[in-house]
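Peer 1: Below you will find the structure I want to go over with you.
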Amino acid sequence: MSSLSASAQATSQSARAWHTAWRRVVGSNGEGLVAAAIVLVWLFVGAVHSDFWSFVTIFNVIDNSLETLLFALGFLLILLTGGMNMSFDAVGIFAGYSVALMASHGVFNGNVVVAVALGLGIGLCLGAINALLVAVLKLPVLIVTLGTRAIYAGALLSWVGSALVPRMPGWLGGINSWSMVYASAKGGGAGLNWFVIPVIAICVAVSIFLTRTVLGRSLYAMGGSVEGARRVGFPLTWAVTLAFLIGGALAGLGGIIHVGMISSADPTDLVGNELTVVAAVVIGGASIFGGRGSVLGTVLGVLLIELINFALIALGVPTAWDNVALGALILIVVSLQLVGRHSSRSQVLGGLK
Amino acid sequence: MSKLRSVLGPEWGRGVVGLLRTRHSPLPLVGVAIVVYVIFTVAAPNVFPTGGNMQAMGFAMPEVGILGLAVMFSMLIAGMDLSVVGVANLSSVAIAEAALHVHFLAGGGWGVVILDAIIAMVVGGACGAVNGALISLVGFGDIIATLATGYLFLGLALGITRGAVLSKLPPDLATLGIARVGGVPVIFLVFLAVAIVMGVVLNRTRLGLRAMLIGTNVTAARLSGVRRPQVVMGTYVVCGVLAGLAGVIFTGRVAGVNGTYGSSYVLLAVLIAILGGVDPTGGFASVLGVVLATVILQMVQSGFTALNLSQFTYEVAQGALVVAVLAANVWRKNGGSLRGVLHRRRPSRNDKAAPPGEGDVQPVIQE
C-alpha cells in the first residue's frame, strides 16, 4: 500500500512539475500561446504561399505594427481599469492630420522632431479632455469616449480641414524610407524602420510604469475591484488621469507615424478601424473585465493581428471580410479566456477543499 | 384612461399632473424640444419650420428612433447593445438577398413587405440571440460582445454583397419608404406603433419587469428567483428584433442595399437613449423620453442642415450632447453641487451588473 501511495505521490508531483513548466511557457496572460500562434500562422501561410517566408514580410508586419502598437498601449492602460477607451483613433488622426496640414502650409519645415513634439502635445491635450471627463467627473468610460471620438473626428473635419494632404515637406514625408536594414525582393523590398527603436523604448517604459510604479499598479487594482482599490488607498483619480494622458500622447505619436508612413494625410482615415486595436489587446491576454494584461502580450497581439492581416491579403481574401475575421477572432479568444477563467477558479476552489 | 394607464405602466398611474412631478418627468424634454424648435425657427425661418421640412424629419426619424429604443432596452438591464447598426444592415441585406434569389419576394404587394419584415425580424432576433448567448451563457461583458458581433454582422453584410449595391428590391418596400397618410409618413406611424409596443413590453410583460429588476439590483433580482440568463437572452433578442425592423426601414428608404448604411448611428442611438432619460447603469427606461429625444435630435440635425452646417458639425454636437447629458445626470444625482460631483465615489461595476457567478465568490465588505 505504501508503495502504491508513494507512486501516486510521485505521479502527482511530476504532474505538478509539468503543470508549472506549462504555465511558465504559456505565460501569465497566455503570451506563449500568442507567440506560438504567430509562428504557426507564419508557417501555415508560407506553406501555401512561399513568398510569405521572407524578411520583406517580417519588416512589413513590424513597420505596420508600430502605429497599431502605440494605439494599443494606450487602450491597454484603460482596459486594465475595466473601461474601454474608444477615442484613440480619433486622437491619432486629429494629431497626424493637423501636423501634416501645418507642415504643408509651411508652419514648420517638416522636421520630424518638431512633428513628433506637436503630435505628442495635441495627443496630450485631447487625452486631458478624456481624463477630465472620466477621471475627475467619473463619467462612464465607453459612452464618454464614444462622445469625444465624435467630437474630435467631427471637429477635425469641420474646422481643421477635410481635404487630403497629398504630400508633406521635409523629413516628415520620408519617414517610410528611413530603414535600418533593407530587404529587397522582386515585387519591391521593405525596410525595418528606425521608429522601431523609440517604439521599443516606449514599450519598456510603459511596462516599467505598469509593473513598478504605484500609479501603474493602481490601474490593475482598479480593474480587480474599484471599491477595494479605493479603500486600500490607491490614488485612482491620478492613475486614470495619467493613463489617459499617456494614452493620448501615444495616440498622437501613432497618428504622426501613420501619416508619415503613407506619406499623405487623409482626415477620414483611422476612425472606424478601432476593432483592430481592441482585437490585438484582447488577443494579447488582457482581460475584458480589467485587472489583467501585459505590455508583452499586447506587443505579441499586435504582431499577430498585423500578420493575419498580411496573411489574408496573401491568401487573396477580399478585404470586405476583414471585419468578420476580426470580430470572430475576438469572440473566440475571449470565449477561451472565459472558459479558462472558470476552470482556473474551480481549480483554486478545489485546492482549498 | 384607466386602460391607458394600465398599459403605459406605473408612471402613468399617477395621472398627467403626477407624472410631470416625478423625477423622471418628460417635461424638461418637452421644454428642450420647444426651445430647439424656436431657436432654429428664428435662425432659419424660411427653411426650418416648413411643412416640407417637418415631413422630411418624419421620414428620417423612425430608423434612428427604433435603434434608440433597442439601445434603451439593453441599458435597462445595465447592458449595452453596440451591434444594432450591424444587425440592421445584416437584416437589410437578408431582404435584398431574398428578393434576388426568390422570385416571389421581388414582386409587388403588401404581403411581400410583411414577409420581408418577418425575415428581417427573424434575422435580427437570431443576431440578438447570439449576443444574448455570448453574454448570459459564455459570460462575455455586454460591451465587448456586442462590439465584436456588431463588426461581425456588419462584415457579414458587406461580405455577402461583396461591396456591391443590391438594387433589386420589392417595389412596395420602396413605396413604404415614401408613403404618407394625411401628410404623415407611414414609417413614422410605424415608429410610434413600435414605441407603444415597447411601452407595453417594458411595463406590462414579465420580461420588461424582470429586466427592470435586474437593472435596479441584480442581487435582489437573483434572490427573488429571477433567472438572469433568460432575461438577458430575452432582452437581447428584443433588441435584435427592433434592429431588424430598423433594417426594414433602411431598405425602404434607400434605392440599393450594400450593408454599410448608417455607420454613424451607433453613437446617435446611445445618445437618444441617454437623452431620453435612460439610466445607463440600469433599472430605468422611458419610451416617451426616447421618442422625445428622437424628435429633439432630428430637429437639431435638420436645423443644422437648414443653417448649412455640415454633417461633421452635427457629429461634434452629438458628442458634446452625450458628454453634457452624462455630466448633467451626475450633477443632478449629487445635489447640484460641484463639491458633490468631485467627491462622489466612482460607481462600481460590481454594485449592479456583476458577471454571472462573480457575485457568489466575492465577500461583501460592510463599512
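Peer 1: For the range A:83-189, what does the relative contact order come out to in percent, with C-alpha contacts under 8 Å and a separation of six or more?
Peer 2: Values: 84 pairs, mean separation 45.0, N = 107.
It comes to 42 percent, rounded to a whole number.
Peer 1: Place +1 on the Cβ of every Lys and Arg and -1 on the Cβ of every Asp and Glu in the protein assembly as shown, take the dipole about the Cα centre, and give the residue among B:Gln311, A:Ala17, B:Leu213 whose Cα lies farthest towards its positive end.
Peer 2: Positive-end residue among those listed: B:Leu213.
Peer 1: Any idea how far apart B:Ala164 and A:Leu312 come out in nm if each label point goes 7 Å out from Cα toward Cβ?
Peer 2: Placing both labels 7 Å beyond Cα along the Cβ direction yields 2.1 nm.
Peer 1: About its Cα centre, what dipole magnitude does the range A:1-104 give when the only charges are +1 on Lys and Arg Cβ and -1 on Asp and Glu Cβ, stated in debye to the nearest 20?
Peer 2: With only Lys, Arg, Asp and Glu charged at Cβ, the dipole is about 560 debye.
Peer 1: Considering every residue in A:128-139, what mean count of other chain Cβ atoms within 10 Å of its Cβ is obtained?
Peer 2: Details: counts 0, 1, 0, 0, 0, 3, 1, 1, 2, 9, 7, 10.
For this peptide, the per-residue mean of nearby foreign Cβ atoms is 3.
Peer 1: With a ≥ b ≥ c the root eigenvalues of the C-alpha gyration tensor of the range A:23-149, is it rounded (a/c under 1.5), prolate (a/b larger than b/c) or oblate?
Peer 2: Oblate is the answer for the range A:23-149, as a/c is 1.5 or above yet b/c matches or exceeds a/b.
Peer 1: Which of B:Ala328, B:Gly58, A:Ile200 sits farthest toward the positive end of the charge dipole of the protein assembly as shown, with +1 on the Cβ of Lys and Arg and -1 on the Cβ of Asp and Glu?
Peer 2: Of the listed residues, the answer is B:Ala328.
Peer 1: Using a ≥ b ≥ c from the Cα gyration tensor of the range B:178-250 (square roots of the eigenvalues), is it rounded, prolate or oblate, where a/c under 1.5 gives rounded and otherwise the larger of a/b and b/c decides, a/b for prolate?
Peer 2: Prolate.
Peer 1: What percentages, rounded to whole numbers, describe P(r) for the range A:189-332 computed over all alpha carbon pairs with 5 Å bin width beginning at zero?
Peer 2: 2, 8, 13, 19, 19, 16, 11, 6, 3, 1, 0, 0
Peer 1: Separate question: In units of 2.2 N^0.38 Å, what is the alpha-carbon radius of gyration of chain A?
Peer 2: It is 1.09.
Peer 1: Shifting gears a bit: Got a sec to turn the phi values of the range B:102-117 into Karplus ³J(HN,Hα) couplings, 6.51 cos²θ - 1.76 cosθ + 1.60 with θ = phi - 60°, whole Hz, x for Gly and Pro?
Peer 2: For the range B:102-117, the Karplus-derived couplings read 10, 4, 4, 7, 9, x, x, x, 6, x, 5, 4, 5, 4, 4, 4 Hz, x marking Gly and Pro.
Peer 1: With the dipole of chain A worked out from charges on the C-beta (+1 for Lys and Arg, -1 for Asp and Glu) around the Cα centre, which of A:Gly46, A:Trp321, A:Leu242 lies farthest toward the positive end?
Peer 2: Of A:Gly46, A:Trp321, A:Leu242, it is A:Leu242.
Peer 1: Grab the eigenvalues of the alpha-carbon gyration tensor for the range A:138-238, scale each by 5, take roots, and send me the semi-axes largest first in whole angstrom. Don't skip to the answer; put the middle values down first.
Peer 2: Details: eigenvalues 299, 128, 25 Å².
They are 39, 25, 11 Å, listed largest first.
Peer 1: How about the range A:186-269: which chymotrypsin sites (Phe, Trp or Tyr not before Pro) there lie in a loop by DSSP and see at most 16 other Cβ atoms within 10 Å? Don't jump to the answer; show the numbers that get you there.
Peer 2: On the way: sites: A:Trp194, A:Phe195, A:Phe209, A:Tyr220, A:Trp238, A:Phe244; in loops: A:Trp194, A:Phe195.
Sites meeting the loop and neighbour criteria: A:Trp194.
Peer 1: Can you give me the pair-distance distribution of the range A:84-151, C-alpha pairs, 5 Å bins, whole percents?
Peer 2: 4, 18, 25, 19, 13, 10, 7, 4, 0
Peer 1: Follow-up question, since we're still on this one. If you plug each phi of the range B:88-95 into the Karplus form 6.51 cos²θ - 1.76 cosθ + 1.60 with θ = phi - 60°, what whole-Hz ³J(HN,Hα) values come out, in order, with x for Gly and Pro?
Peer 2: 4, 5, 5, 5, 4, 5, 4, 4
Peer 1: Between the range A:99-147 and the range B:56-103, what is the C-alpha centre distance in whole Å?
Peer 2: Using only Cα atoms, the two centres lie 34 Å from each other.
Peer 1: Here is a further query. Using alpha-carbon positions, what is the distance between the centroids of the range A:62-84 and the range B:106-125, in Å?
Peer 2: One Cα centre to the other: 43 Å.
Peer 1: Tell me, how many Å apart are the Cα centres for the range B:131-145 and for the range A:187-227?
Peer 2: Between the Cα centre of the range B:131-145 and that of the range A:187-227, the gap is 29 Å.
Peer 1: Using the Cα centre as the reference, give the magnitude of the dipole from point charges on the C-beta atoms of the protein assembly as shown (Lys, Arg: +1; Asp, Glu: -1; all else neutral), rounded to the nearest 20 debye.
Peer 2: Here the protein assembly as shown has a charge dipole of around 2240 debye.
Peer 1: With charges set only on the Cβ (+1 for Lys and Arg, -1 for Asp and Glu), what does the dipole of the range B:133-291 come to about its Cα centre, in debye to the nearest 20?
Peer 2: About 280 debye.
Peer 1: Give the ranking of A:Val181, A:Val165 by solvent-accessible surface, highest area first, calculated with a 1.4 Å probe. Don't skip to the answer; put the middle values down first.
Peer 2: Numbers: A:Val181 70, A:Val165 5 Å².
Of A:Val181, A:Val165, the descending order of accessible area is A:Val181, A:Val165.
Peer 1: For a test of the definition: using alpha carbon positions, the gyration tensor, and the 1.5 limit on a/c, classify the range B:68-112 as rounded, prolate or oblate.
Peer 2: Details: a/c = 5.51, a/b = 2.76, b/c = 2.00.
Prolate, because a/c is 1.5 or more and a/b exceeds b/c.
Peer 1: If all Cα-Cα distances of the protein assembly as shown are sorted into 20 Å bins from 0 onward, what percent lands in each bin, rounded to whole numbers?
Peer 2: 16, 50, 30, 4, 0
The values are calculated or read from the model by the stated rules, or taken from the named source; none is laboratory data. Treat the numbers as computed from the prediction; the structure is a model and nothing was measured. A quick note on method: Cβ atoms are made from the backbone with ideal geometry, for glycine too, and the neighbour counts reach across all protein chains shown. The accessibility values were calculated without ligands, DNA or RNA, using every heavy atom of the protein model including side chains. Shrake-Rupley method; radii C 1.70, N 1.55, O 1.52, S 1.80 Å.
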